[in-house]
Each structure stands twice: as C-alpha cells, then as structure tokens.
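The values are calculated or read from the model by the stated rules, or taken from the named source; none is laboratory data. As the structure is a computational prediction, the values presented were derived from the model and not from experiment. Using ideal geometry, Cβ is built from the backbone for each residue, glycine included, and neighbour counts are taken over all protein chains shown.
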C-alpha cells in the first residue's frame, strides 16, 4: 500500500516569491556587500563587550543569496599584521584559546552575516597603509 501523498508540492525557501514578485534569492542577489574587503571587523559576541578581530578577506553568499563575509587573521592572505593582542581586543585568553586554535588551523572563517560584525577600521585606512608599505599596488593587487 502506497502511503505517500503525491499532491504535495515542495518549495525551497530561496524560491519563495515575495510581495514584489521576485524570489527570496533574486531579492538577496540584488543586495550589495556593505563591508569592503580589507576592513578590520570585530565579531560581535552577546556575552562579551569585546569580540575577536578579523579582516574581511572575501565576499560570499549563502544558498539564498544573502551577502556574507569570509574573515581571516592570516597575514599572508591579507598582507598586514594583526597581533594576538589586537585580535583578542581585551577578551580573556583562556576563553578564546579553542577559537584561536580553530582560526589558526583554518586560516579563513567562512560566511558571517553583516549583523555579526562591527567595523573597527575602515578598509580605506587599511588599503592606504598597504599601498604605502608596498604590499599592494594601486589596483589593490598583492605585489610579489
């Protein structure tokens, strides 16, 4: 005996149509990333006043097109130094040791939503510094 309902329609969330007639994905794909690459950001923590600091290394999106941010502390990927004390930003080391092992091991932290990030230093300041030090050229490409 077949108990499956063959009349059931499955709609994935990104394909749901919104009031403007476009799907969730189409609307999200129209949204731009508002935090530029190279920006120093702080990961917002509900339980702590200060959060870990990272550089925005890449712009990405999730399956429904929501703009997301990939973060790093790896100086080879960004081209500037972020010391442990800068990255910790006043957080207790013992609380964060496991996080830093993961960060150091993984090099890049993927897919953070803008609401989880607070801008610490604008990208323009970071980019000007990288250009002055000869790390990147005028087109923001790393100089080998």
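A few comments on the model shown:
- Qualifying residue in segment 28-51 (condition: part of a helix (DSSP H, G or I) and either modelled with pLDDT of 80 or more or surrounded by 11 or more Cβ atoms within 10 Å (Cβ to Cβ) (or both)): yes
- Among the residues making up segment 116-133, those that are within 20 Å of residue 70 (Cα to Cα) and part of a helix (DSSP H, G or I) are 116, 123, 124, 125, 126, 127, 130.
- Residue count for segment 52-72, restricted to those that are modelled with pLDDT of 85 or more and part of a loop (DSSP other than H, G, I, E, B): 5
- Within segment 103-115, considering residues that are at negative phi and in a strand (DSSP E or B), the one modelled with the highest pLDDT: 113
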